[in-house]
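Some notes on the structure that comes next.
Values quoted throughout were computed directly from the atomic coordinates according to the rules given, and no laboratory measurement underlies them. The structure displayed is predicted, hence computed values, not measured ones. A quick note on method: Cβ atoms are made from the backbone with ideal geometry, for glycine too, and the neighbour counts reach across all protein chains shown.
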Amino acid sequence: MLNIVIGGSAGSFPIVTNILAKLDKSFSYPMFLCLHRLKSVRTGFVEALRLKSSVPVFEPHDREPVINGHVYLAPANYHMYLTKGNTISLSTEEVVNHSRPSIDITFGSAAKSFGSKCVGILLSGANKDGAIGLKAMKDSGATIIVQSPQEAQVKTMPMAALKITEPDFVFTSSQIISYLQKLKE
Amino acid sequence: MFDENDIKLLIKALNDSGGYDFSNYSLKSFMRRVEKVLYDNKIDIYTLINAVKIDNVFLEQVVRDVTVNTTEIFRDPSVWQALKYMVLPRLHARKEINIWHAGCSVGMEVYSMEVLLCEAGLLENSKLYATDINTDVLLSAEKGVYSCRNSEEYMTNFRKALCVNPFNREEQINIPPQKYFDILPAKDEFRVKPFLLKKADFKKHNLVSEGNPFGIKYDIILCRNVLIYFNQNLQNKLFAQFWDYLSDDGILVLGIHESILGPLTAKYEKKGLIYQKKLI
Ligand SMILES: C[S@@+](CC[C@H](N)C(=O)[O-])C[C@H]1O[C@@H](n2cnc3c(N)ncnc32)[C@H](O)[C@@H]1O
């Protein structure tokens, strides 16, 4: 089973909303979102993502078993680790790259737990979180995609990843969407 | 680097030399904590294992360092709203209200509770008990002095927890934080007002091995963001113990992203964000 893991920060919210809106209802892979949010926007985020999504979106509980076709959003102020047993574990350990949730943490755990059975996508963002994790995913055989810096609202995050690893694809958001749509075939 | 066998040796050493049993901590997160200890001390795992065997002071330090102590004033305001509107009203009839904060860290959760009780007019009748395995955090808890670094978040939490009525968003509630806290950015101090100090009984206690720390029944037990570091067996054991320690209509409050899974689900009724003890 393939797992889709997406990280993003400033400028990624409209893209994620768009991805979720355009997915087919029968999208059958589990998807994990690790998105930085403003400290003031702790609540209402998952509701906002749900509004237009064609697939169910949740903030998982610790040890929650993963269901195919569901989307899991890392809760505010928790790191989200993905595990081999297909459960999610949460932790309030120190911030990483000034962030909790940290994308490096979620990506790093995906690299360890899923190996090649995984697609990692890094979107627009204003810091370097996610680059190291994305590289780890690549090194363990995952397919990795970076949003094209030209298109990204804030390019720091995609650029940081491109500096240390060579993604399988550098895609615009519409290419990312059609890639995900084709996955189910 | 180190592997699971090395971790087992370390866990055995911590148990043999210090009586701390980490064998039922969730292995992954425990390994991450140990990694951090090794990194901070610039030593390898074998040096660490040997050091905890011979140096008790160092062992205690390691125990403190492997715990995760993140906390906030009024962390997750919706939980406090639930307590305010769903739980506290029915405790008014009580002569005495007993509350246990298990894994209280530096005490912010305890002082948040005191504020909530004070606003409800219940503080005088309440007894607060708070425990943690980490003696450093307990010392800060007793002082009630924190850094200002996150004070804006604390204030946002404070307002949401106390000044918003989720059942009637129109309602205007105005409670100035200065009633309870002195915020001194110049000194980088976020201070709990003296009248709230000394109210709670802070005590060192290990949830893994020590049973009921005060030997009484509690109306509310809060154990938030502690069990996420334990494995399922240990979680189940604690859910069973908490059930025993709760009064008949007692309430268990877990972290907002934690839930009771497994055999003990039958013994609690989930009511929104809180668990009610079920008599069966
Ligand atoms: C993340 S903090 C949670 C603080 C607070 N309850 C909150 O949610 O904001 C977890 C606390 O649990 C404590 N802890 C970990 N293992 C423990 C044990 N075996 N017995 C008692 N406390 C423990 C840690 O020292 C730490 O202070």
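Just a few scattered comments:
- When all alpha carbon pairs of the range B:57-151 are counted in 10 Å bins from zero, the resulting P(r) reads 15, 43, 29, 11, 2 %.
- Kirkwood-based shape ratio for the range B:2-104, expressed as Rg/Rh from alpha carbons: 1.18
- Estimated FRET transfer efficiency when R0 is 22 angstrom, pair A:Leu183-A:Ala21 (beta carbons, to 0.05): 0.85
- 222 nm mean residue ellipticity, helices alone, for the protein assembly as shown (DSSP H n ≥ 4; -39,500 (n - 2.57); rounded to 500): -10500 deg cm²/dmol
- Volume per residue that the Cα convex hull of the protein assembly as shown spans, once the total is divided by residue count, Å³: 163 Å³
- The label point for B:Val57 and the one for B:Ile175, both projected 7 Å from the Cα toward the Cβ, are 4.4 nm apart.
- Loop-located chymotrypsin sites (Phe, Trp or Tyr not before Pro) in the range A:140-185 (DSSP state other than H, G, I, E, B) with a sparse environment of at most 12 neighbouring Cβ atoms within 10 Å are absent.
- Taking 7 Å steps out from each Cα toward its Cβ at B:Ile280 and B:Leu27 produces label points 3.1 nm apart.
- Full extension of the segment from A:Asn68 to A:Ser174, taken as 0.36 nm per residue of separation minus the current Cα-Cα distance, would add 35.8 nm.
- Estimated FRET transfer efficiency (B:Tyr39, B:Met155; beta-carbon r; R0 45 Å; 0.05): 0.85
- For the range A:96-185, applying the loop criterion from DSSP together with a ceiling of 15 other beta carbons within 10 Å to the trypsin sites (Lys or Arg not before Pro) yields A:Lys117, A:Lys184.
- Peptide B:255-266, shielding by other chains (average Cβ, 10 Å cutoff): 3
- 10 Å-binned pair-distance histogram of the range B:8-49 (Cα, whole percent): 29, 58, 13
- Exposed GluC sites (Glu not before Pro) absent: longest stretch of chain B, with sites in DSSP loops and at most 14 other Cβ within 10 Å deemed exposed: B:1-95
- Beta bridge orientation in chain B: antiparallel %, DSSP, nearest 5: 40 percent
- For a modelled paramagnetic label at A:Ser28, 7 Å from Cα along Cα-to-Cβ, the residues of the range A:47-76 in reach, with backbone nitrogen under 18 Å, are A:55-56, A:66-71.
- Expected-Rg normalisation [2.2 N^0.38 Å, Cα atoms] applied to the range B:177-280: 1.31
- Between B:Tyr20, B:Tyr46, B:Tyr146, the residue with the greatest mean-square fluctuation in the GNM of chain B (Cα pairs under 10 Å linked by springs) is B:Tyr46.
- Placing a label point 7 Å from the Cα of B:Ser17 along the Cα-to-Cβ line, the residues of the range B:50-86 whose backbone N sits under 15 Å from it are B:50-66.
- Cα-Cα pairs of chain B separated by more than 27 Å (percent): 43 percent
- Reduced Cα scattering model of the range A:3-183, Debye log10 I(q)/I(0), q = 0.09, 0.11, 0.17 Å⁻¹: -0.25, -0.38, -1.02
- Each of B:Arg94 and B:Asp244 was given a label point 7 Å from its Cα along the Cα-to-Cβ line. The distance between the two points is 2.1 nm.
- Each listed q (0.11, 0.13, 0.19 Å⁻¹) maps to a log10 I(q)/I(0) for the range A:91-185, found by the Debye formula over equal Cα scatterers with no solvent: -0.29, -0.41, -0.86.
- Electrostatic tally near B:Leu138: other residues with Cβ closer than 12 Å to its Cβ, Lys and Arg +1, Asp and Glu -1, net 0.
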